[in-house]
Structure formats: structure tokens, C-alpha cells
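Written out below as C-alpha cells is the structure these notes cover.
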């Protein structure tokens, strides 16, 4: 398992435009987050051991974010030809199996992942109400092999700070995960 860090793009960067669909009929665009406290965009996939490791904790953080008034979008940009377990049909199965309450969008062109600067799964981008990047870091310091519990502490703290009208801590640690499976 080769660990790849997130790119840590500059805070304050505007959210790139996007409009994607998922296999369950959900559609989401950046504009759908207008009027919300913010937008959480998560790049993930079905097969990544890093995503599997944090999955239950991540779902709890997503639920908390939604309860706090944040829009949430999960995006899978992996090459579905080389990695069919990450294809749209498997994404629908994953969504139903775990009762996702958020869209699990497929970025077939990989243009959206490139626009965000996504590098790994999982990769987190939390935007404020003005859709400016406020957090781009790890869920927490748990990894599949380090024995630390999955708490969601880092991302949870950032969401709570934004929800209360303040800024997340400026010191943010990159997420670590599998590289996005780019098409040749």
C-alpha cells in the first residue's frame, strides 16, 4: 500500500465548479451548496484500504456535517476500466449497502478531481459559506497500520469551527491514502 498525501492547496481557494450525477439519480453542483453553512467534498472510492479503514468514522462525521447545515458530496474519480470495483454500478451498491445520505458522484472524465487538486483517497475539501477553502487535511491521525482509533477529530473540529462562524485551525495535516487511479 503506497501512501500518497493530499496536495494541501492554499486556504481561501474558491471551490471549483462541478456538476456530476450518481447512479441512484442524485445530481449535485457547486451551486447546490449556496445558502448552506459550507460544502464538504470528499474524494473516495470503494476499494481503497485507507477509505475502508475510516469508513464508519467518516460516515459519522458526514452525518454531523449534514446536521450542522453543510452540503456534502462524495466523488469517485478512479479509472473504472482498470478498477471495475470502483465503477458506477459498484458505487450504487456501496451507496445502498451503507445507506448514504449524500450523493456519491462519479467523475468519469477525471476533470473535476484535477480541478480540485485531489491526489488521494480519501481527500477532503471543506469550504465555508462563501465556498472558499477552509480545510484540506486529514480526517484524523488513524491509518490502517498504526493502531490509532478512527475519531474524525481533525475534520470534525474544522466543521464545528465553521458552523460556529470561526475559522478552522491554520495548521492542518495532509490526508494520506491511495493515489487516485488516473486514466492513461
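Coordinate-derived values only; no laboratory data. Keep in mind the model is a prediction, meaning the values are calculated, not measured. Reconstructed Cβ throughout: ideal geometry from the backbone, glycine too, with neighbour counts over all protein chains shown.
Residue count for the range 67-84 satisfying the condition of being without any contact (Cβ under 8 Å) to a residue 40 or more places away in the chain, more than 13 Å from the chain's Cα centre (by Cα) and under 18 Å from residue 47 (Cα atoms): 2.
Among the residues making up the range 140-155, those that are out of contact with any strand residue (DSSP E or B) (no Cβ under 7 Å at 6 or more places or on another chain), buried (at least 18 other Cβ atoms within 10 Å of the Cβ) and within 20 Å of residue 72 (Cβ to Cβ) are 140, 150, 152, 154.
For the range 24-42, filtering for residues that are surrounded by 18 or more Cβ atoms within 10 Å (Cβ to Cβ) and either out of contact with any strand residue (DSSP E or B) (no Cβ under 6 Å at 6 or more places or on another chain) or farther than 21 Å from residue 58 by Cα (or both) leaves 1.
Of all residues in the range 87-138, those satisfying the criterion of being free of Cβ contacts under 8 Å to residues at least 24 places away in the same chain and touching a strand residue (DSSP E or B) at 6+ places or on another chain (Cβ under 9 Å) are 87, 130.
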